[in-house]
Amino acid sequence: MDAVVWLEDVGKEDLSIVGGKGASLGEMINIGVPVPGGFAVTAQAFRDFINRAGIADELFEALNVDVNQASELHRAEETAKKLIMDAKVPKDIEEAIKARYDELCEREGREVFVAVRSSATAEDLPEASFAGQQETYLNMRGAEEVFNAVRKCWASLYGARAIFYRVEHGFEHNKVNLSAIVQLMVDSEKAGVMFSSQPSTGEPLVVIEAAWGLGESVVSGSVSPDNYVVDRQTKKIVDRYIATKEIMITKDPKTLKTTTTKVPAKKKEAVVLTDKEIIELARYGEILEEHYGLPQDIEWGVERGKIYILQSRPITTISGGKKAAGSKAVGAGSGKVLLSGLAAAPGVASGIVKIVSSGRELDKIKPGDIMVTKMTMPDMVPGMKRAGAIVTDEGGMASHAAIVSRELGCPAVVGTKKATFTLKDGMEITVDGGKGIIYEGVVAHAAPAKAAAPATAGGIFYSKPVTATEIKVNVSEPDRAEAAAATQADGVGLLRIEHMIIGMGKTPNWYIKNGKTEEYISALVDGIKTVADAFYPRPVWVRTLDAPTDEFRAMEGGEGEPHEHNPMLGWRGIRRDMTETDHFRLEVRAFKRLHEMGLTNVGIMLPMVQHVSEFQKAKALMREEGLDLDKIDVGIMIETPGAALTIEDFIEDGIDFISFGTNDLTQYTLAVDRNNENVAGLFSELHPAVLKLIEYVVEQCREAGVKTSICGQAGSYPEMAKRLVEMGITSISANIDAVAIVRDTVARSEKILIMNALRNKD
């Protein structure tokens, strides 16, 4: 792999080579969008550097810290950055960077100014934008200066905020690399951000934010920008908000470096964009959304009257027009309005004001507090995660505060101009992030504030690699349906029904004994329907009840549950279904109702099967309840060696699919209790005996045309995913946060198999 590549030579499939930003820039150049040219120092060059410099082991060991301890986090940053900056870059990599910059200058006929931009292989994803986590260096000129900026970009991969963000989002440090994009500098007279669809609701409205100078002021939230809204259907400007622009970022004519200055008085209240420019920008927004197949978050600039597109990535925060979980709208006139601003992230929360002036004051923020600041910075994310809502003086819909708040599912109002002056520490307020209003006190109808939890909202990563092996997702709760669907998985390989039941607080027998079976069936239908709707027509395999007796014993109606020495080996799964059939029949009625609604993508998966007779009895009960087995897929979990070793019997009986539950299959094969710390070291899904069972089942099913999948935790391990692809498994179902990683692993494994086959053929 070359250390450097021209941007026009890469595209959306090259995320692993040039990162999210680089892949998008190359793709746009190739479809004719006006993007400044340049080149990328590849992610492989970065990894080659740390390996050949001999710092990789020490680097990743330094990052193994408790990120919630500020001192440890900053020590990790200091150590990692020093390792990067002190290490000797191999001469061939250094020369390749400098030579390519010289070639760029030859192309342009002059020594050019460039922006050196970080592009990580894990950024601009649907579940995590990584907004502001790595650095960009503007107005760099000269080969030596560009080379040094590339090194600083590499080091910024290990800034404190980037380390924290990766850990919080489940990305392994040693799996994330960084490409440095070296791109012709656009000396923008005006710039900003555009959303091709409304960023909270997904409505067909292009939202454009604009300010004077470079777009960094809009992205960082240091200025409140103009806001224009274009109706994509009528192609007309339907709303415009002209802000007071206090500052601008420009290139200093003397030092030739970027600098922040005050906006001239005559421009402060002036309209930044002409109507013609607004409509033209909206046109580019539509082009990019249509090309990528999903709404885009786009950075742009205007230099000497020409529009340039500087970046495009998926909008990570569309909620489908639904309110934030647990929130209700505030009624008109229900409280005194203290402030108003831009409605940056929907939801309503009440709490105590905590004014924060820097990242060093985050300890003030307790769960549910309202965080009030001039503008948020990336190092404030830990406090934002605890906050019940965010309010800022500055910033627009594309500011750091807005993007991260939408990611977190945390109500936010930005650009209020005077929140830090009007609001005082200790005040109790209500924030309506959907309307952009802050009320005095706890307003009626507002839900109590609670700490924001990381959320994955709508949006699909546009550069998803195509794989022959289907990549599915595991879902535990219906309220995670949108997050799961946002991964663009090929279906749901496991929807756990017992989590819905446990969440209801009463055992199935309680509903039966109290004559409330219809209530029970309706609850199951509603929960499963939420997921089935989100994925239709992609398959959703629902596992029937598999709750151990000790879990039911703590619930209302569970007083008569038996006491078992080892509930995991006891009365659970299909063995309970077939001895206590009343509640199983209720589940079957729920499945029947779902199919009658047209949700024919719902399949039934039976857990803890160890003999074909259990499967036969279950099917007989389904037929008795009027379920047409010719129109619904019925399969089993392979969790016991008994089921694995007699798979031919199930195939002969007409099974539609199987799915491996590797946690149970491993513990039952190796006689290792996965919950016992004394023997935990012996637990391994990669044990040869477990792999042989899996391979045997996959082979028999493949010959018979039966679909095979895996929904256990092991499916999320790259090594296991690679082996499963080699075995020929039909699909792999991973947890929500692992889908992208598994998909990349599978794509790579499939390409290796194809290449090996071609080489052997030759």
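For this structure, a couple of remarks:
- Among the conditions (1) closer than 17 Å to Ser731 by Cα; (2) of a type in the set (Gly, Ala, Ser); (3) open to solvent by less than 30 Å² (accessible area, probe 1.4 Å), the only one that Ala644 does not satisfy is (1).
- Scanning the range 701-714 for residues that are open to solvent by 40 Å² or more (accessible area, probe 1.4 Å) and either in contact (Cβ under 8 Å) with a residue 40 or more places away in the chain or within 27 Å of Gly170 (Cα to Cα) (or both) gives Ala704, Lys707, Gln713.
- If you go through the range 457-497 and keep only what is part of a strand (DSSP E or B) and modelled with pLDDT of 65 or more, you end up with Glu470, Ile471, Lys472, Val473, Asn474, Val475, Val492, Gly493, Leu494, Leu495, Arg496.
- Looking across the range 404-456 at every residue that is more than 18 Å from Val337 (Cβ to Cβ) and modelled with pLDDT of 85 or more, the one that is surrounded by the most Cβ atoms within 10 Å (Cβ to Cβ) is identified as Cys410.
- Those residues of the range 261-277 which are surrounded by 15 or more Cβ atoms within 10 Å (Cβ to Cβ), under 36 Å from the mean Cα position of the chain (by Cα) and either hydrophobic (A, V, I, L, M, F, W, C) or farther than 15 Å from Lys190 by Cβ (or both), in sequence order: Val272, Leu273
- Within the option set Ser217, Ser222, Ser196, being among the small types (Gly, Ala, Ser), at negative phi and surrounded by fewer than 24 Cβ atoms within 10 Å (Cβ to Cβ) holds for one residue only, Ser222.
Condition check ((1) in contact (Cβ under 8 Å) with a residue 12 or more places away in the chain; (2) surrounded by fewer than 16 Cβ atoms within 10 Å (Cβ to Cβ); (3) closer than 16 Å to Ile574 by Cβ) across all residues:
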position	(1), (2), (3)
Met597	yes, yes, no
Thr600	yes, no, no
Ile604	yes, no, yes
Pro607	yes, no, yes
Ser613	no, yes, yes
Gln616	yes, yes, yes
Ala620	no, yes, yes
Ile632	yes, no, no
Gly635	yes, no, yes
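- Lys692 fulfils the conditions (1) surrounded by 15 or more Cβ atoms within 10 Å (Cβ to Cβ); (2) over 29 Å from Thr581 (Cα atoms); (3) not hydroxyl-bearing (Ser, Thr, Tyr) except for a single criterion, (1).
- Subset of the range 225-242 (residues that are open to solvent by 40 Å² or more (accessible area, probe 1.4 Å) and within 20 Å of Arg313 (Cα to Cα)): Arg232
- Checked against (1) under 24 Å from Ser733 (Cβ atoms); (2) in contact with a helix residue (DSSP H, G or I) (Cβ under 6 Å, 6 or more places away or on another chain); (3) among the charged types (D, E, K, R), Asp582 meets all criteria but (1).
- Filter result for Arg589 (free of Cβ contacts under 8 Å to residues at least 24 places away in the same chain, under 28 Å from Glu519 (Cβ atoms) and crowded, with 16+ Cβ neighbours inside 10 Å): no
- In the range 715-733, the residue that is most open to solvent (accessible area, probe 1.4 Å) out of those that are of a type in the set (Gly, Ala, Ser) and at pLDDT below 90 is Ser716.
- Look at the range 472-483: where a residue is under 15 Å from Asp526 (Cβ atoms) and a partner is assigned to a strand (DSSP E or B) and open to solvent by 10 Å² or more (accessible area, probe 1.4 Å), sitting 6+ places away or on another chain with Cβ atoms under 8 Å, you get Val475/Arg496.
- Hits in the range 132-183 - residues which are open to solvent by 40 Å² or more (accessible area, probe 1.4 Å), closer than 18 Å to Val116 by Cα and of a type in the set (A, V, I, L, M): Leu138
- Residue count for the range 278-310, restricted to those that are assigned to a strand (DSSP E or B) and open to solvent by 20 Å² or more (accessible area, probe 1.4 Å): 5
Okay, residues lined up against (1) acidic (Asp, Glu); (2) at negative phi; (3) open to solvent by less than 40 Å² (accessible area, probe 1.4 Å):
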position	(1), (2), (3)
Ala486	no, yes, yes
Val492	no, yes, yes
Glu498	yes, yes, yes
Pro508	no, yes, yes
Tyr520	no, yes, yes
Ile528	no, yes, yes
Pro537	no, yes, no
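- Residue check, Val41 open to solvent by less than 10 Å² (accessible area, probe 1.4 Å) and not small (Gly, Ala, Ser): yes
The values are calculated or read from the model by the stated rules, or taken from the named source; none is laboratory data. Fair warning: this is a prediction, and the values are worked out from it, not measured in the lab. We place every Cβ from the backbone using ideal geometry, glycine too, and count neighbours over all the protein chains shown. Calculation scope for accessible area: heavy atoms of the full protein, side chains included, ligands and nucleic acids excluded. Shrake-Rupley method; radii C 1.70, N 1.55, O 1.52, S 1.80 Å.
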